[in-house]
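One structure below.
The values are calculated or read from the model by the stated rules, or taken from the named source; none is laboratory data. Note that this is a predicted model, so its numbers are computed, not measured. In this analysis, Cβ positions are derived from the backbone assuming ideal geometry, glycine residues included, and neighbour counts consider all displayed protein chains. Accessible surface is based on the protein model in full, side chains and every heavy atom, while ligands, DNA and RNA are left aside. Shrake-Rupley method; radii C 1.70, N 1.55, O 1.52, S 1.80 Å.
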Amino acid sequence: MIRKLLTAGLGIIIMVSLMSCKGNEQQVAPKTAQPPLQMQPVQPQTPPLHGAGISKSQVNVVVPESVKGKWVAVKLNIEEKAKKKKQEITVNLNSEYKVPDSDLKIVVGEFLPGFTMDEGRITSSSAEPTNPAVGIRVYEGDKQIFPAPGKQWGWLFSKMPDIHPFEHPKFNITLKDGVRKS
């Protein structure tokens, strides 16, 4: 008899516990079927100062009147990585330079002493070298290797040489400075 009472009492305790747990449960709305996610193509974004990402159709290079004629050339540093040999060269603006003992040709465009960029335009904020940059193209043989083919200019920055640098297995090319007209 005691067993029956203990079993009955234990059963009542279990039932009460279960009922109190059910009262505390939160109602969860049934999940509705959702359509599968559709992938949308994403256009890559070019960093604002990435010269290799600037195409002829996107951006115009505008040399302000206050800058025109004040700068005539740029000094570039060319390093042969394997030989750890560096040389400084001076190249006139809007001209070409053939790197000796290589198949590289550098086309130098405009020098902007105060490089700035906004939507659709690259220009200079002043004639003073606050953010000096030069637009270049580099060819290996007949193939344009900097910036990417079809792009107008790659930009080298003298104060920030690691920002979108010219990358090549054998050579480094960096901007040292602009050369003022005497």
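Considering only protein heavy atoms and a probe of 1.4 Å, how much of the accessible area of segment 90-182 is carbon and sulfur, as a whole percent?
Whole-percent figure for carbon plus sulfur exposure: 47.
Can you give the FRET efficiency for Asp142 and Ser66, using 1/(1 + (r/R0)^6), R0 = 45 Å, r = Cβ-Cβ distance, to the nearest 0.05?
FRET efficiency, Asp142 to Ser66: 0.75.
Starting at the first residue of segment 157-166, write each ³J(HN,Hα) from the Karplus equation 6.51 cos²θ - 1.76 cosθ + 1.60 with θ = phi - 60°, in whole Hz, x for Gly and Pro.
10, 6, 7, 9, x, 8, 7, 6, x, 5
Using only alpha carbon pairs under 8 Å that are at least six residues apart, calculate the relative contact order of segment 61-104 and give it in whole percent.
It comes to 30 percent, rounded to a whole number.
For segment 49-182, what's the relative contact order in percent, using C-alpha pairs closer than 8 Å and at least 6 residues apart? Working shown, then result.
Numbers: 318 pairs, mean separation 43.9, N = 134.
Contact order relative to length: 33 percent.
Under the Karplus relation 6.51 cos²θ - 1.76 cosθ + 1.60, θ = phi - 60°, what is the ordered set of whole-Hz ³J(HN,Hα) values for segment 64-70, x standing for Gly and Pro?
Once θ is set to phi - 60°, the couplings for segment 64-70 become x, 4, 5, 9, 3, x, 8 Hz.
If Lys and Arg each add +1 and Asp and Glu each add -1, what is the summed charge of the other residues whose beta carbon sits under 13 Å from the beta carbon of Thr123?
Once positives and negatives cancel, what remains is -2.
If you take every residue apart from Asn172 with its C-beta less than 15 Å away from the C-beta of Asn172, what net charge results, scoring Lys and Arg +1 and Asp and Glu -1?
+2
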